[in-house]
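First the structure, in the form of structure tokens, and then the observations on it.
The values are calculated or read from the model by the stated rules, or taken from the named source; none is laboratory data. This structure is a prediction, so every number in the text was calculated from the model and none was measured. Note that each Cβ is placed from the backbone with ideal geometry, even for glycine, and that neighbours are counted across all protein chains shown.
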Amino acid sequence: MEYLKNGQFPHSTNITLFQRFKSNIVVNTLTSETGEKLGYILTWKDLTEFENAIQERNEQIKELESPIIPLANDTSVLVPLLGKITGDRINHIESKVLKYCVNHQINDVLFDLSEVNEGITPETATRLQQMQTALSLMGVEPIYVGIKPEFAQSIVRDGIFIGAKTFTSYKQGVFYVWKKSGYPLQKVRDR
């Protein structure tokens, strides 16, 4: 009641009801034409649909941030990683990649780091190592490609151990998995 007597109006807040419904509530004073305070008016705007749309969009973005692209040898996939790598992103990628590998009998996963724009933290490196271990336990070889010089320096400077096969370029990684699969790629000589 103290807030109603001395508070600034209008007062707006967002609330969640029953851990499901999102609403915006605005409380304002109701005055007469002469300025006499008659009471308060409460307006309520349901934001549930709006919040659900935002959450759905965020889930779609999460899926687009970590595509799994099958390679032509049918036993390898490319997982391009973009932007900043966080523990939450690795959790999502790990879950998605592990399921995909089981369902499609994948032997090799090439993680393309060429578009990662920041170094990784020791905590994130630990999550990467855990993901690598999980893949290895399933018989899948994790391979990192596209490591930029500054990213490599950050890994070394922070004392992070990658513990997986690495290549400077995607092309080198593809040659490796094709050769490993029994399909060495060779340049066709000009006739």
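A few remarks follow.
- The residues listed here are 123, 141; of these, the one that is among the acidic types (Asp, Glu) and either at pLDDT below 95 or in contact with a Cys (Cβ under 9 Å, 6 or more places away or on another chain) (or both) is 123.
- Some residue of the stretch 101-111 being in contact with an Asp or Glu (Cβ under 9 Å, 6 or more places away or on another chain), on the phi > 0 side of the Ramachandran plot, not β-branched (Val, Ile, Thr) and not in a helix (DSSP H, G or I): yes
- Residue match in the stretch 79-94 (condition: assigned by TED's automatic domain parsing to the domain that holds residue 125, more than 11 Å from the chain's Cα centre (by Cα), surrounded by fewer than 16 Cβ atoms within 10 Å (Cβ to Cβ) and on the phi > 0 side of the Ramachandran plot): no
- Where residue 188 falls short, out of the listed (1) modelled with pLDDT under 80; (2) not assigned by TED's automatic domain parsing to the domain that holds residue 109: (1)
Condition check ((1) surrounded by 15 or more Cβ atoms within 10 Å (Cβ to Cβ); (2) out of contact with any Asp or Glu (no Cβ under 6 Å at 6 or more places or on another chain)) across all residues:
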residue: 132; (1), (2): yes, yes
residue: 139; (1), (2): no, yes
residue: 146; (1), (2): yes, no
residue: 151; (1), (2): yes, yes
residue: 156; (1), (2): no, yes
residue: 167; (1), (2): yes, yes
